[in-house]
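Data first, discussion second: the structure below is written as C-alpha cells.
The values are calculated or read from the model by the stated rules, or taken from the named source; none is laboratory data. Computed from a prediction, not measured in an experiment: that's the story for all the values here. Ideal geometry is used to build each Cβ from the backbone, glycine not excepted, and the neighbour counts take in all protein chains shown.
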Amino acid sequence: MKYILLYIYILSSFKLAAQNNDYKRDYTWVWGLGYNEILNFNSNPPGQSVTTSVLYMSDMAAAISDTAGNLLFYTNGFKVINNNNQLMENGDSINCCAGAFQQGMQTGYGFSQGALILPKSNHTYYIFHTNLDITASAPYFQHTSAFYYSVIDMSYNGGLGKVVQKNIPLFSDTLNIGMLNACRHANGRDWWMLIREYASNRYHQFLISPQGIQKIGIQTVGNPIPQYSYGQTIFSPDGNWFVFAQKDQSMGPVMRYCVYDFDRCTGLLSNYRTDTLSNSGSFAGISFSSNSRYLYISSTVALYQYDMQSTDWQSTKQTVATWTQWADSVGNGYGFGFMTPAPDGKIYMYGGSSSPYLNVIHSPDSAGTACNFTHHSFPLTTYNGRCMPNFPHFRLGPLLGSACDTLQSVGISLPISAQSAVKVYPNPANETLHLHSETLQGNASVSLCNLLGQELKNDIWQNTAIEKELNLSHLPQGVYYLRILAGEKRFTYKIMKE
C-alpha cells in the first residue's frame, strides 16, 4: 500500500510541477508614495530596498515577477512602470481619464484592488483594470462603469517590455469599485475572475485561458450588496472559498463580510453566508492562512479569526488583536486594514496611511492568539499609502482527480463509483447516464458542464434516493463534468460521451 501511495505522490508532484511554473510570480512587492518600497521574498526575511519611481501608489498597487521571482513591471492603475522603475513604452494613460488627473488622483484611483496582473503566455501579460466614474455626484467613489484590459509584451526593448494593447473594453455595466481578484481553474492553468455589479448580487463570470478572455455568464447568488461599498476580496489558497469584506458608507461604523463556496470547475458560487462587524472605521481587510483553515477579517480596531474547518465556523470567531493608540517618536500612528498573504507564509497588513510600518501575522496557520500577530512590527523605509499589493494565489495547481483536471499527461483516475455515495454509470456513456443514491435525501441541484465551465443542463431533482437518468443524446462526443449539490454535500464527476 505504501508503494501505491508513493507512486500517487510522485505522479501528483510531476503534475503540479509541469502545470504551474508561476509560483514565484508574487515574490516582488512594490508600493509607496514616489519613493517606492520593494520587498523581495527570494530571501528570508524578505529583502528590502527603496527606489525613486515616477509612480505614486497611494491607493492601488499591482505587480508581477518572472518565474524566478524577479520583478517585471508594476502599476497604480494609471501608468505601467518597468523593472528599471521607468515608464514602460506606451505605459501612460492606463484607464486614460484626464478628468481623474484633474481631480488630483495622480497617485492612483482611490480604491483598493483596482488592478490585477495575470500571465497570458511566456512573455505576454494581462493587466485587468477598472475605471472610476468621475462624473457621478459625490461621493466620487461610488462605482465604475467599465472593465478593461491591457496587454504587455516583455520581448520588446531588451526585456523592459511594451504596452502593445491598451484600454481594451471587456464589458460595460454599473460595477462595484475595485475588489479584483482571480482563482486558478481546476485544470491548473486557466483563471476565473468574478466581477460584481454595483448594489447587486449579480456576478459576471470570466475565464482567462490561452484562447483569450471569455465571458462565461452571470450568476445571481446571495443578497444584494449595499451601494457605496468598498473593501477587499480574496479566494482561499485551496480555491474552495470566495470571500469579501466591504465598508458601506451608509452603514456608519459597520462593515459586512460575505462568504461563498467556490467551484473551481464551473466558476460558480454557492452556500452564501454573511454577517456584520461593528467598529469598522474606514477599512475592511481579509486574508486566509496558507493552509486555508483560518480566515482573518480586520476592522480598523480589531483583528478576528474564524476556523473554516468547523461546520459552524461563524461561531468560532476569536479576537486575536485589538488596536492601540501607539505612535512613534515623530507622531506616526498605525491602524488595521487591508492584508496580503505573502510567499513566506505570513500575512502582512496595512499599517496606516501615515505610518511607515506593517503589522504582521507570523503564524497564521495557528489557532487564536498563537497566530502571533505583532503590531507595527515590520518597518518600512517610506510611507506605504493606503494600499497593499494585489495578487492572486499563484501556487494553486490542478484539482487532482477532478472532472476538469484535463491537461495532464499522467495522473490518477479513481473509479467513478468510489468517489462518493452517488453512483454514476455507465462511464463512458452513449445516450443515457444513470445516477443512483441510497444515502442522499431531499432535493439536489444537478448540472452538466463542458470543459470551459459553460453550463449545458441544469435541473432540480426531487428525492435523490432513487434512480435518475440524464439524456446525453444531443451532445457531441467528448469530455464533460457533472456536478451534484445536495445540501452541504458536493460531488463532481468526469463523464466521457461516446
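Tabulated results
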quantity: Residue in the stretch 83-91 that is in the same structural domain as ILE168 (by TED's automatic domain parsing) and modelled with pLDDT under 60 present; calculated: no
quantity: Condition broken by SER145, with the remaining ones in (1) farther than 24 Å from PHE235 by Cβ; (2) assigned to a loop (DSSP other than H, G, I, E, B); (3) modelled with pLDDT under 85 satisfied; calculated: (2)
quantity: Residue in the stretch 343-359 that is surrounded by fewer than 17 Cβ atoms within 10 Å (Cβ to Cβ), of a type in the set (Gly, Ala, Ser), under 22 Å from HIS393 (Cα atoms) and out of contact with any strand residue (DSSP E or B) (no Cβ under 7 Å at 6 or more places or on another chain) present; calculated: yes
quantity: Single residue of LYS15, LYS79 found to be modelled with pLDDT under 70 and basic (Lys, Arg); calculated: LYS15
quantity: ILE177, sole failed condition from (1) in contact (Cβ under 8 Å) with a residue 24 or more places away in the chain; (2) β-branched (Val, Ile, Thr); (3) within 28 Å of LEU456 (Cα to Cα); calculated: (3)
quantity: The stretch 261-283, residues that are surrounded by 22 or more Cβ atoms within 10 Å (Cβ to Cβ), among the small types (Gly, Ala, Ser) and modelled with pLDDT under 90; calculated: SER280
quantity: Of all residues making up the stretch 95-113, the number that are at pLDDT below 85, assigned to a loop (DSSP other than H, G, I, E, B) and either polar (S, T, N, Q) or within 26 Å of CYS183 (Cα to Cα) (or both); calculated: 9
quantity: Residue match in the stretch 301-314 (condition: among the hydrophobic types (A, V, I, L, M, F, W, C), within 18 Å of the chain's Cα centre (by Cα) and more than 13 Å from GLN232 (Cβ to Cβ)); calculated: yes
quantity: Residue count, the stretch 41-68 (criterion: surrounded by 17 or more Cβ atoms within 10 Å (Cβ to Cβ) and of a type outside the set (Ser, Thr, Tyr)); calculated: 11
quantity: Candidate set from the stretch 442-454 (those that are in contact with a Ser or Thr (Cβ under 7 Å, 6 or more places away or on another chain) and modelled with pLDDT under 75); member that is surrounded by the most Cβ atoms within 10 Å (Cβ to Cβ); calculated: GLY453
quantity: Any chance ALA63 is modelled with pLDDT under 90 and outside any loop (DSSP other than H, G, I, E, B); calculated: no
quantity: Complete set of residues in the stretch 323-353 that are modelled with pLDDT of 90 or more and not basic (Lys, Arg); calculated: MET339, THR340, PRO341, ALA342, PRO343, ASP344, GLY345, ILE347, TYR348, MET349
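Table: residues versus (1) over 33 Å from the mean Cα position of the chain (by Cα); (2) at pLDDT 75 or above.
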residue: VAL410; (1), (2): no, no
residue: SER413; (1), (2): no, no
residue: ALA418; (1), (2): no, no
residue: ASN427; (1), (2): yes, yes
residue: LEU456; (1), (2): no, yes
residue: TRP461; (1), (2): no, yes
